[in-house]
1. Val128 fails exactly one of the following numbered conditions: (1) in a strand (DSSP E or B); (2) open to solvent by 20 Å² or more (accessible area, probe 1.4 Å); (3) in contact with a strand residue (DSSP E or B) (Cβ under 6 Å, 6 or more places away or on another chain). What is the number of that condition?
2. Could you say which residue among Leu64, Leu22 is at pLDDT below 90 and among the hydrophobic types (A, V, I, L, M, F, W, C)?
3. Which is open to solvent by less than 90 Å² (accessible area, probe 1.4 Å), touching a residue at least 60 places away in the same chain (Cβ under 8 Å), closer than 21 Å to Glu107 by Cβ and not charged (D, E, K, R), of Gly81, Gly62?
4. Those residues that are of a type in the set (A, V, I, L, M, F, W, C) and over 17 Å from Thr40 (Cα atoms), I need them from region 91-103; list them, please.
5. Starting from residues that are out of contact with any Phe, Trp or Tyr (no Cβ under 8 Å at 6 or more places or on another chain), on the phi < 0 side of the Ramachandran plot and of a type in the set (D, E, K, R), keep the ones in region 131-150 and report whichever is surrounded by the most Cβ atoms within 10 Å (Cβ to Cβ).
6. Return only the number of the condition from (1) open to solvent by less than 100 Å² (accessible area, probe 1.4 Å); (2) assigned to a helix (DSSP H, G or I) that Val24 does not satisfy.
7. So in region 65-78, with the set limited to residues that are part of a loop (DSSP other than H, G, I, E, B) and of a type outside the set (Asp, Glu), which one is surrounded by the most Cβ atoms within 10 Å (Cβ to Cβ)?
8. Quickly run through region 104-121 and pick out the residues that are without any contact (Cβ under 8 Å) to a residue 24 or more places away in the chain and closer than 17 Å to Gln45 by Cβ.
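The values are calculated or read from the model by the stated rules, or taken from the named source; none is laboratory data. Remember, it's a predicted structure, so these values are computed and weren't measured experimentally. Neighbour counts run over all protein chains shown; Cβ positions are idealised from the backbone, glycine included. Protein only, heavy atoms only, side chains kept; ligands, DNA and RNA dropped before computing areas. Shrake-Rupley method; radii C 1.70, N 1.55, O 1.52, S 1.80 Å.
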Amino acid sequence: MRTDRAFTILEVMIVVVTLGILAVLVMPQLASATEDATRTSIRGQLQMIDKHIEIYKTAHDGALPTSDANDPMGTDANNNGWGVMVSLSYLKEQPTNAYTRNTRVTEGSFADARDMAQETPLGWHYAVIGSRLDVYAIGYDPDTDRLAHE
């Protein structure tokens, strides 16, 4: 006498429902982890950019990279606007904004950068404020540590 050893439809349904419940519980945590990683990456990039701007200023008697005579930061002609910061190796490469996945930097305000959509072709804005050069990540608010879509 032969006995089939197969799962019944009820057993299969129980497994499918259990997996569905687990997926519903786990998915929000995965999305949150992705956003946490994006914020962490942007914070690190901003710190690195600020540090290298200060190094540039120290090496050039307080001058900002936006005023470089040969390859000023902020013009789209070279390195997506990073200009002398990349061409003179103050930055090894154009920094990529983890939120927009773009490297291009242009002049703009903090409010514009914070509120810009993820689909923009930009990665960064900068503003010259007195003798200071501030760089802002598109779609990120460092005051609240939130991304534009949150």
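1. Exception for Val128: condition (3).
2. Just one listed residue meets the conditions, Leu22.
3. On the way: Gly81 fails: touching a residue at least 60 places away in the same chain (Cβ under 8 Å).
Only one candidate qualifies: Gly62.
4. Residue satisfying the conditions is Leu91 alone.
5. If we take residues in region 131-150 being out of contact with any Phe, Trp or Tyr (no Cβ under 8 Å at 6 or more places or on another chain), on the phi < 0 side of the Ramachandran plot and of a type in the set (D, E, K, R), then Asp141 is surrounded by the most Cβ atoms within 10 Å (Cβ to Cβ).
6. Just one mismatch for Val24, condition (1).
7. Among residues in region 65-78 that are part of a loop (DSSP other than H, G, I, E, B) and of a type outside the set (Asp, Glu), the one surrounded by the most Cβ atoms within 10 Å (Cβ to Cβ) is Met73.
8. Thr120
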